[in-house]
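Asks: Supplied in structure tokens, the structure appears directly below.
None of the figures in this text is laboratory data; all of them are computed from the coordinates on show. As the structure is a computational prediction, the values presented were derived from the model and not from experiment. Glycine also receives a Cβ, built like all others from the backbone with ideal geometry; neighbour counts cover every protein chain displayed.
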Amino acid sequence: MSGKPILSPLRPGKRPSGYEVARVLRHVVRCIRKHWSNVRILVRGDSPYLSPETLGFLQASGCDYILGLAINEKLKEIAAPWLAQCDVQRSQNQRNVRRFHLFQHAAQSWSRKHNAIARIEATDLSADARFIVTNLSGRGKTL
């Protein structure tokens, strides 16, 4: 395994639909598997690439994935206690604090729950949360 990126498409400034993303992934995965049928494929992408169509394709094709999850009101609510905890720890220690939390999450458009990981960080400037969705097992910090 080389660990090198296979595809980095450049597109116009519009957000691709879930169907468009799944179509490109289908083509790339098919080409890879044509030559290396047993290779493990890991798809990494930002939140615009996370859609029911993409998740469905990745699950059906046996690909691993780590996809950004756009923050919304529900995720803000989930992260609120962790943000407060990190902010308190930062103020007590006078150092930046970063924590990771694994939880199950399902958007309304998804057919089932998926593993989600929150990265919570508190610095002198602010506290914030970022999220990913993955089918990989392991520690949130590592993923």
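Asks: Determine ³J(HN,Hα), in whole Hz, for all residues of region 102-117 in sequence, where each value follows from phi through the Karplus function 6.51 cos²θ - 1.76 cosθ + 1.60 and θ = phi - 60°; x replaces Gly and Pro.
Replies: 9, 8, 8, 9, 9, 6, 4, 7, 8, 7, 7, 7, 10, 5, 10, 10
Asks: Normalised by the number of residues in region 18-67, what is the relative contact order in percent for Cα pairs under 8 Å and 6+ residues apart?
Replies: 48 percent.
Asks: If you place +1 on the Cβ of every Lys and Arg, -1 on the Cβ of every Asp and Glu, and leave all else neutral, what size is the dipole of region 73-134 about its Cα centre, to the nearest 20 Debye?
Replies: The calculated dipole for region 73-134 is roughly 260 debye.
Asks: Here are several values of mean projected area of the Cα convex hull in nm²: [x] 9.2; [y] 10.3; [z] 12.0. Which one was derived from the coordinates shown?
Replies: The listed entry that was calculated here is [y].
Asks: Still on this structure: Could you work out how much longer the chain between Leu143 and Arg15 gets when fully extended? Use 0.36 nm per residue separation minus the Cα distance between them, nm to one decimal.
Replies: Stretched out fully, the Leu143 to Arg15 stretch lengthens by 43.5 nm.
Asks: If you put +1 on each Lys and Arg Cβ and -1 on each Asp and Glu Cβ, how big is the dipole of the chain around its Cα centre, in Debye rounded to 20?
Replies: Using only the charged Cβ atoms, the result is roughly 560 debye.
Asks: Antiparallel as a % of all DSSP beta bridges within the chain, to the nearest 5?
Replies: 85
Asks: Still on this structure, I have one more. Determine ³J(HN,Hα), in whole Hz, for all residues of region 37-54 in sequence, where each value follows from phi through the Karplus function 6.51 cos²θ - 1.76 cosθ + 1.60 and θ = phi - 60°; x replaces Gly and Pro.
Replies: 5, 9, 6, 7, 10, 10, 9, 10, x, 6, 4, x, 8, 8, 8, x, 5, 5
Asks: Suppose each label sits 7 Å from its Cα in the direction of the beta carbon; what would the Glu73-Gln59 distance come out to in nanometres?
Replies: Taking the simple label geometry, Glu73 and Gln59 are separated by 2.6 nm.
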